[in-house]
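Q: First, the structure itself, so that you have it in front of you.
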Amino acid sequence: MWNDEFLRAFVDKKTGTIKFQLYAIIPYTDSTWRFYNGATYLTPNGPVAANVDVIDRDVDCTGSSTFGGCSYTEQVAFDVPADVIQRLADAYGTDAAHHIWLFKFSAHSGSEYSDGIIPAEAKGLLEAMQVHGINTAAVAGNSHDAVPTATSTPSGSPPAHPAIGVTAIPTPLPVANMLKVNGGLMVITVTPGSPADHAGLKPGDVITKYADQSVNAVADLQSAVNATSSGSTVQLSVQRGNAASKISVKY
């Protein structure tokens, strides 16, 4: 895979202590290293800063004349509190199952890399641990507040903004090169019955603009959707295969 983000767990077999991490493989083409050294993630009380562990770095300059720079890959991780994992897992099988837990890595160069994890990934991790005989009861004993996702709202409250109904990731560089797009977000899933579904968005589509705003990170799309009023119609710039088009999304 060109890039990837996943949850992992470390278990101390002597004490039973469990530590969770978010692991990210971040590739990019540039003239020098970006050095990702900071992270933030979303909680019910707002963003929280985290220390970053540098796992590995790699560079390949054999294609620099073609791509305009060397291909860099940084593998980094940060610790995630158990209650964040449990809240995310608890959202699986509910109306929030398609929502995204957001995180962001910040680089010494000033660059940022944002993405998200869906509830199924946290649920799957805890179930896999149980299959291997690991007691996750201590994790389950933590608070069960509403999962902090891109579109969740406090229990009993009306939605503060509409949801577009997609999960997406920053467009992998090989896909961007093939489609001849500069960044954008590649749609991974479309929620049935959502505004995106009614508009005709499909997995594999690359959203390059929301209205007139470029979207190159999950946080870009989240912010744009948050600023949209219910009842509005927004035009998206979408690349589908070799064809660029405009798709109107009605909330």
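The values are calculated or read from the model by the stated rules, or taken from the named source; none is laboratory data. This structure is a prediction, so every number in the text was calculated from the model and none was measured. Positions of Cβ are generated from backbone atoms using ideal geometry, with glycine treated the same way; all protein chains shown enter the neighbour counts.
Q: Please find, among Ser214, Ser245, Ser230, the residue that is surrounded by 14 or more Cβ atoms within 10 Å (Cβ to Cβ), out of contact with any His (no Cβ under 6 Å at 6 or more places or on another chain), of a type in the set (Ser, Thr, Tyr) and assigned by TED's automatic domain parsing to the domain that holds Ile188.
A: On inspection, the qualifying residue turns out to be Ser214.
Q: I've got another one for you. Report the residue count in the range 188-201 for those that are surrounded by fewer than 21 Cβ atoms within 10 Å (Cβ to Cβ) and under 18 Å from the mean Cα position of the chain (by Cα).
A: Here the count works out to 3.
Q: How about the range 233-242: which of its residues are surrounded by 13 or more Cβ atoms within 10 Å (Cβ to Cβ) and farther than 16 Å from Leu185 by Cα?
A: Of everything in the range 233-242, just one residue is surrounded by 13 or more Cβ atoms within 10 Å (Cβ to Cβ) and farther than 16 Å from Leu185 by Cα, namely Val234.
Q: Being under 21 Å from Asn45 (Cβ atoms) and crowded, with 20+ Cβ neighbours inside 10 Å is the filter here; which residues of the range 105-114 pass it?
A: Start the filter on the range 105-114 by keeping residues that are under 21 Å from Asn45 (Cβ atoms), which leaves 105-106, 114.
Selection gives Phe105 alone.
Matching residues to (1) modelled with pLDDT of 85 or more; (2) closer than 30 Å to Gly69 by Cα:
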site	(1), (2)
Pro162	no, no
Met178	no, yes
Leu185	yes, yes
Pro195	yes, no
Leu201	yes, no
Gly204	yes, yes
Thr233	yes, no
Tyr251	yes, no
